[in-house]
Amino acid sequence: MTTMVATTVPALRPSWVRYAALATKILLFGLLLSALIWPDLSGIKGKASTARLVVYPIGAMVLPLWWWAYGRTRSKLHPSFPWRADLLITLPWLIDLIGNRLNLFDTVVWWDDAMHLILWGLLTAGVLLAFAPPTLSRGLTAFVALGFGATAAVVWELGEYVAFIRSSPELQTAYTDTLGDLALGTLGALTAGLTIYQTRARLSR
């Protein structure tokens, strides 16, 4: 009986994560499709909607595309598709889209700050699980997390500025808001790096 539990429980976890990752992608693409059909109800109208409709699918599919083109035959880190990493990388795009659909960014004072902290943490954690070797030290894991997270945060803020902020009323407060977003995104990335290191260290004991 003990042997049966030991062999079946680990098999259930990847299945649950796999279904969650697939469901997240289906919901994301469903929301994107509805934004194309009913743009006025999308919550992203006037917020670089065209750019989001392009960037979000790419962000959600970058890991599967990498796996199909390279990882499945050459990846030494993952013998099978990294579903946990895929779920973590997809969630930020979905949560951001839901937040815009429900108008939370404009109606909840703390929502934007929380999203920059949490979503950047999720994204960085997914990237680390997908591409960073588990043998990295705590310092190197934090360094890689900061390198990715801070760079991605800067690219995101530049994209927002070019896409819609420079021609919107938000330009008046953009400097302060951008500094805060960069700080929170970087903090989220660092937290994700330390969390991933601690989790991997605990599992390897």
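Figures for the structure shown
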read-out	value
Candidates 101, 84, 72 - the one that is on the phi < 0 side of the Ramachandran plot and either β-branched (Val, Ile, Thr) or buried (at least 17 other Cβ atoms within 10 Å of the Cβ) (or both)	84
Single residue of the stretch 23-47 satisfying the filter (part of a loop (DSSP other than H, G, I, E, B) and surrounded by fewer than 18 Cβ atoms within 10 Å (Cβ to Cβ)) that is farthest from the chain's Cα centre (by Cα)	38
Scan of the stretch 16-44 for residues that are farther than 27 Å from residue 84 by Cα and in contact with a Phe, Trp or Tyr (Cβ under 9 Å, 6 or more places away or on another chain), ordered by number	43
Pair list, Cβ < 6 Å and 6+ apart or interchain, from the stretch 141-162 residues that are free of Cβ contacts under 8 Å to residues at least 60 places away in the same chain to residues that are outside any helix (DSSP H, G or I)	144/132
Residues of the stretch 78-100 that turn out to be in a helix (DSSP H, G or I) and closer than 23 Å to residue 19 by Cβ, as a count	16
Matching residues in the stretch 12-66 - criterion: being among the β-branched types (Val, Ile, Thr), in contact with a Lys or Arg (Cβ under 8 Å, 6 or more places away or on another chain) and closer than 30 Å to residue 78 by Cβ	17
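Just so you know, all these numbers are worked out from the coordinates, no wet-lab data involved. Computed from a predicted structure; not experimentally measured. When we count neighbours, we look across all protein chains shown, and the Cβ atoms used for this are built from the backbone with ideal geometry, even at glycine.
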